[in-house]
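Okay, so here's the structure we're looking at.
The values are calculated or read from the model by the stated rules, or taken from the named source; none is laboratory data. Keep in mind the model is a prediction, meaning the values are calculated, not measured. We place every Cβ from the backbone using ideal geometry, glycine too, and count neighbours over all the protein chains shown. SASA here: full protein model, heavy atoms, side chains in, ligands and nucleic acids out. Shrake-Rupley method; radii C 1.70, N 1.55, O 1.52, S 1.80 Å.
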Amino acid sequence: MTDTLTPILTKFWDDPQSWTLATYERHDGYKALKKALDMEPQAIIDAVKDSSIRGRGGAGFPTGMKWSFMSPPDGGPRYLVVNADESEPGTCKDVPLMMANPHSLIEGVAISSYAIGCEHAFIYLRGEVVHVYRRLLRAVEEARAAGYLGDNVGGKGVKVDITVHAGAGAYICGEETALLDSLEGRRGQPRLKPPFPGAAGLYARPTSVNNVESIASVPGIILEGADWFKGMGTEKSTGFGIFSLSGHVTNPGQFEAPLGITMRELIELAGGMRGGKKLKFWTPGGSSTPIFTDEHLDVPLDFDSVAAAGSMLGTRALQVFDETVSVVRAVARWTDFYAHESCGKCTPCREGTWWLRQIMDRIENGQGTQDDIDKLVDICDNILGRSFCALGDAATSPITSAVKYFREEFEAGMHTPAHELFPPENSVLFPVQTKESSGMVSA
Amino acid sequence: MSGHDASGHLHVSPESKAPYAADVLEKLYADAAEVVARYPQKRSALLPLLHLVQSVDGYVTGRGVSFCAEVLDLTEAEVSGVATFYTQYKRHPNGEYTVGVCTNTLCAIMGGDLIFDRVSEHLGIGHDETTEDGKITLERVECNAACDYAPVVMANWEFFDNQTPESTIGLVEDLRAGKDVAPTRGAAKVCTFKEVSRVLAGFHDGRGDEGVGAGPASLLGLKIANENGWVAPSSNGSGRSDGSGATSDGKGSK
């Protein structure tokens with residue numbers, strides 16, 4: 001039985017200079033790289049496969065399998081691209097990881113690149129986190145100076161270098177093929193698959209796109225072994241992950257734990273609900289994953305259990321909303337987000353999110369019509385599975401799940417504005433003077 | 001993102017087309033060559049080059065578009081098509097500081113909506129508008145990956161955690177007064193929009209070692225684990241030297 005929390009990537013985040021190479025080396029940093037360079041590349045892929053680690057960026061595809069699906073070497077370039085475009089609403093694990101412990105990612109990139117035969121790796125970081133970009137640039141400089149990157153890594157004649165690339169503000173670039181288009185200097189719009197990036201990715205070359213936390217977990221797997229990794233988590237969701245609690249808990253924060261921990265345990269660690277209020281709804285993996293309610297507090301937070309309960313583990317972005325919150329207001333705002341971020345490439349998403357937004361707006365303002373709920377569900381049905389990429393599907397998740405659990409609140413939107421049913425000032429985290437709250441707070 | 005904004009076209013003022021001074025252009029070419037050299041194919045340099053243009057002009061100017069097109073052998077239409085897709089590229093002169101209030105669902109509900117309204121009223125400007133003194137551009141921003149610190153405000157893409165209307169009004173007032181302002185988690189001070197744009201083009205400003213590694217919310221799980229003696233399992237001898245979890249920094253309970 002493993003402990004409730006298992007700090008691994010977060011283990012020394014409290015060190016005064018946690019981000020430096022010196023700190024990382026003091027915590028066994030780059031030992032895994034040295035070990036890896038004495039292994040055959042295929043043995044590294046096998047170890048990662050054997051660990052059964054599933055991608056930490058949301059979809060949960062097995063990392064080792066993704067690597068082994070890459071087209072075989074043909075003498076031309078092969079690429080590793082790290083998806084550091086963390087933008088899914090509620091998701092806030094990769095950014096603090098790269099801020100506090102960037103070398104775990106750099107070491108992971110060095111090992112993974114060696115394993116898949118990549119000599120030039122990319123980290124695609126969203127552009128809206130400038131200090132994280134500085135930390136990554138600095139970590140690459142330090143690693144290069146120490147011989148962990150460059151033309152002769154570890155003195156073994158292995159070539160690996162990293163370009164850290166800043167995006168410029170577009171949620172869609174978290175979709176792996178949109179990310180590749182963006183990295184190629186284009187508008188970030190998804191590509192038709194197949195071909196998958198493993199066959200034709202960056203510059204039409206074999207490419208693996210992996211999440212930050214997946215790659216940062218590789219050094220531990222190499223150093224400690226696949227069995228160590230599998231000793232944590234569940235049979236089909238092995239290992240550990242960072243769980244991000246936000247919203248109406250007493251103490252929001254990051255909790256690194258074996259997969260399979262429950263929301264009940266996490267909320268208790270976070271000091272319970274704010275002011276003893278009741279939990280109303282929460283997202284298991286960001287706004288794109290169907291919402292859960294207090295019925296789901298004991299669902300093990302692993303890929304399969306969450307899926308069986310009707311949602312997705314996603315990025316373990318646990319956004320908690322208490323009884324003061326209008327679910328209609330919350331969903332309306334997420335709908336605004338998807339409409340804003342729809343890239344415009346395909347019709348169901350581009351047009352559908354626009355219609356969803358108008359209907360949600362009516363319902364939020366107490367001006368919904370008799371058939372608005374049916375229309376919402378019908379439009380969602382026409383977007384889900386019919387859009388070009390997962391963004392369209394994601395836009396429907398909050399709506400269909402909220403209608404399922406809180407239909408009466410949508411019905412109330414035919415006559416009463418959300419802000420009358422759930423005064424917004426009751427949900428804010430700071431005291432609101434009543435004088436201002438009357439006119440200022442409108443959703 | 002582009003495509004849905006009311007201001008979905010480029011505002012090209014005459015001065016945005018005026019040629020660069022010779023020394024500015026020379027430096028731009030030198031910097032651009034450095035950016036292009038980072039990539040196997042030069043078109044990949046377009047996003048950083050647009051950040052670079054903003055570091056000189058304060059927004060994506062017509063001459064900046066022409067410059068990128070020339071350096072990368074693209075048409076101006078291709079460059080504009082990319083520049084208008086991403087929210088960080090500004091189509092009209094930006095303030096010295098972009099103050100972005102997160103109004104995605106979680107932050108909005110925790111207080112972001114109220115903060116935006118109060119700051120907007122205080123400054124007399126709305127979303128994507130700039131104060132007359134050219135100091136502050138106010139924005140509603142989408143989720144910025146700091147939800148455990150909600151409500152969050154970004155100033156030139158540095159984190160200001162756990163904000164209130166009063167703290168954010170204090171922030172914009174200090175920025176307007178020209179004071180150095182330190183983010184909650186970030187560099188020792190918020191740099192200007194042009195300075196930050198240069199960093200985003202990949203030119204490190206040497207501030208990476210400034211600021212904290214993590215804020216209190218990021219450390220909460222670690223703190224609780226340390227208090228309870230919870231550790232990751234060790235791997236039977238091999239591997240890490242400190243697998244027992246005995247912390248070198250003497251972190252105990254309390």
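Figures for the structure shown
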{"quantity": "Eligible lysines near B:Lys27 by straight Cα distance, threshold 30 Å, same-chain separation 8 or greater", "calculated": "B:Lys17, B:Lys42, B:Lys90, B:Lys135, B:Lys179, B:Lys189, B:Lys194"}
{"quantity": "In order through the range A:86-95: 3J(HN,Hα) via Karplus (6.51 cos²θ - 1.76 cosθ + 1.60), integer Hz, x for Gly, Pro", "calculated": "4, 9, 4, x, x, 8, 8, 10, 5, 5"}
{"quantity": "Relative pair counts by distance (%), Cα atoms of the protein assembly as shown, 20 Å bins", "calculated": "19, 55, 25, 1"}
{"quantity": "Rounded accessible area per residue of chain A, 1.4 Å, Å²", "calculated": "33 Å²"}
{"quantity": "The protein assembly as shown - percent of accessible surface contributed by carbon and sulfur, probe 1.4 Å", "calculated": "51 percent"}
{"quantity": "Per-residue HN-Hα couplings for the range A:56-71 [Karplus 6.51, -1.76, 1.60; θ = phi - 60°; Hz; x = Gly/Pro]", "calculated": "8, x, x, 7, x, 6, x, 4, x, 5, 4, 5, 6, 7, 5, 4"}
{"quantity": "Chain A, helix-only ellipticity at 222 nm - DSSP H runs n ≥ 4, -39,500 (n - 2.57), divided by all residues, nearest 500", "calculated": "-12500 deg cm²/dmol"}
{"quantity": "In Å², nearest 10: area of A:Thr10 left accessible to a 1.4 Å probe", "calculated": "10 Å²"}
{"quantity": "Given A:Lys193/A:Lys375; A:Lys66/A:Lys236; A:Lys11/A:Lys34, the pairs whose alpha carbons are separated by over 28 Å", "calculated": "A:Lys193/A:Lys375"}
{"quantity": "Amide H contacts of A:Val209 (H built 1.01 Å from N, under 5 Å, at least 5 apart or other chain)", "calculated": "A:Val81"}
{"quantity": "Amide H within-cut-off set for A:Phe243, under 5 Å, with H built and near neighbours excluded", "calculated": "A:Phe255, A:Glu256, A:Ala257"}
{"quantity": "Three-way shape label, the range B:7-94, alpha-carbon gyration tensor, a/c 1.5", "calculated": "oblate"}
{"quantity": "For the protein assembly as shown, share of DSSP beta bridges that run antiparallel, in % to the nearest 5", "calculated": "50 percent"}
{"quantity": "Solvent-accessible area per residue for the range B:57-166 (1.4 angstrom probe, square angstrom)", "calculated": "27 Å²"}
{"quantity": "Principal-axis tilt of helix B:113-123 within chain B, Cα atoms, nearest 10 degrees", "calculated": "50 degrees"}
{"quantity": "Derived scalar couplings ³J(HN,Hα) [the range A:395-404; Karplus, 6.51 cos²θ - 1.76 cosθ + 1.60; whole Hz; x for Gly, Pro]", "calculated": "4, 8, 4, x, 5, 5, 6, 5, 5, 4"}
{"quantity": "Charged-residue dipole, Cβ positions (Lys, Arg, Asp, Glu), chain B about Cα centre, Debye nearest 20", "calculated": "620 debye"}
{"quantity": "Amide H contacts under 5 Å for A:Val320, placed H, 5+ residues apart", "calculated": "A:Ser246, A:Gly247, A:His248"}
{"quantity": "B/A buried area, accessible surface, summed, 1.4 Å probe, Å²", "calculated": "8100 Å²"}
{"quantity": "Whole-number D in µm² s⁻¹ for the range A:89-149, Kirkwood Cα-pair radius fed into Stokes-Einstein, 10 °C, 1.306 mPa s", "calculated": "129 µm²/s"}
{"quantity": "Probe 1.4 Å - accessible area at A:Asp371, Å² to nearest ten", "calculated": "80 Å²"}
{"quantity": "Overall form of the range A:51-95 per C-alpha gyration tensor (a/c, 1.5; a/b vs b/c)", "calculated": "oblate"}
{"quantity": "Which of A:Tyr133, A:His248, A:Leu97, positive extreme of dipole for chain A (C-beta unit charges)", "calculated": "A:Tyr133"}
{"quantity": "Solvent-accessible surface ranking, highest first, for A:Arg138, A:Arg316, B:Arg140, A:Arg386 at 1.4 angstrom", "calculated": "A:Arg386, B:Arg140, A:Arg138, A:Arg316"}
{"quantity": "In degrees, nearest ten, helix A:372-383 long axis to first principal axis of chain A (Cα)", "calculated": "20 degrees"}
{"quantity": "Cα centroid of the range A:370-423 to Cα centroid of the range A:261-317, whole Å", "calculated": "20 Å"}
